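The values are calculated or read from the model by the stated rules, or taken from the named source; none is laboratory data. On a predicted model such as this, the values are computed, not experimentally measured, just so you know. Cβ: placed from backbone, ideal geometry, glycine included. Neighbour counts: every protein chain shown. Protein only, heavy atoms only, side chains kept; ligands, DNA and RNA dropped before computing areas. Shrake-Rupley method; radii C 1.70, N 1.55, O 1.52, S 1.80 Å.
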Amino acid sequence: MKLYVAPYAPNPRRVTMFIAEKAITDIEVVTLNLQAGEHRTEDFRKKSPLAQIPTLELDDGRCLTESRAICQYLEALHPEPNLMGRDAFERAFIEMWDRRMELMFSMPLMMWVRHGNPVLAMLERNQNPDVAALNQAQAMRMAKWLNDELASRSWIAGDRFTIADITAACGMDFAKMMKWRPGEELPNLQRWRDRFAERAAGQVAA
Ligand SMILES: N[C@@H](CCC(=O)N[C@@H](CS)C(=O)NCC(=O)O)C(=O)O
């Protein structure tokens, strides 16, 4: 199988962190240059019609996009260590947290960066400072809430590491491009990120 990624791109990193936690070694990683538009070629659109990465290409040529769908596929192929839940309740509980982290935390952080950092103007062609500000405010509200949640547990979805931690960390690390980190203002969130750094997923470069 081949996984298409790009440096600094948070959604592909969600999958490479997932792969690192599972210690999967048989996936070839192919790095695209987004600045050069390598994901927008006619050839690549046959694999990923929306011209997005990550894209996982199976050995028989079938392709999956959407980072969470790719993770779900890999979880089925490599059930241990479990990152997405074992029984009906736990699977739904982890998905609940993962969706919160994706839609209410990482997405606003990413939109803040995409609309607020001039380096990304070639990807986000209609950069809008108001969109950046709205998303920054939403992300900061969520960061504060998450900081309070993490006062009483080690990981986002409970007492063990899951995909929800990976999803949150990808968004958070991308926001370094806006020079944001939780730091002393949000100490529980910072401690969670420091714990994350000690794991296999924490070794995956941005
Ligand atoms: N919902 C998708 C989002 C994928 C996505 O936005 N990928 C970005 C890189 S992080 C991309 O391909 N951007 C290309 C572009 O904006 O032209 C997922 O989770 O995989």
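With point charges of +1 on the Cβ of Lys and Arg and -1 on the Cβ of Asp and Glu, referenced to the Cα centre of the chain, which listed residue (P182, N147, V131) lies farthest in the positive direction of the dipole? Positive-most Cα among the choices belongs to V131. Ordered from longest to shortest, the equivalent ellipsoid semi-axes for the chain are 26, 24, 14 Å, each the square root of 5 times a Cα gyration tensor eigenvalue. Of the accessible area of the stretch 88-199, computed with a 1.4 Å probe over protein heavy atoms only, carbon and sulfur atoms account for 53 percent.
With R₀ set to 25 Å, the beta-carbon distance separating R99 from A23 gives a calculated FRET efficiency near 0.45. Accessible area per residue for the stretch 1-118, computed on protein heavy atoms with a 1.4 Å probe, is 51 Å².
The figure for I24 is an accessible area of roughly 20 square angstrom, using a 1.4 Å probe on the protein chains alone.
Note on A206 and D148: the model spin-label points, each 7 Å out from Cα along the C-beta direction, lie 2.9 nm apart. Rounded to the nearest 20, the size of the Cβ-charge dipole of the stretch 42-201 about its Cα centre is 400 debye, with Lys and Arg at +1 and Asp and Glu at -1. Extension gain for the segment V119 to R141, taken as residue separation times 0.36 nm less the Cα-Cα distance, is 5.4 nm to one decimal. When the helices of the chain are scored as -39500 (n - 2.57) per DSSP H run of n ≥ 4 and the total is divided over every residue, the value at 222 nm lands at -14500 deg cm²/dmol.
Working note: Cα atoms of the stretch 2-77, range along each principal axis, descending, whole Å: 31, 27, 19. Charging the Cβ of each Asp and Glu at -1 and of each Lys and Arg at +1, and nothing else, the dipole of the stretch 2-77 about its Cα centre rounds to 280 debye. Beyond 22 Å in Cα-Cα separation lie the following of the pairs K22/K176; K2/K46; K144/K179; K22/K47; K144/K176: K22/K176; K22/K47.
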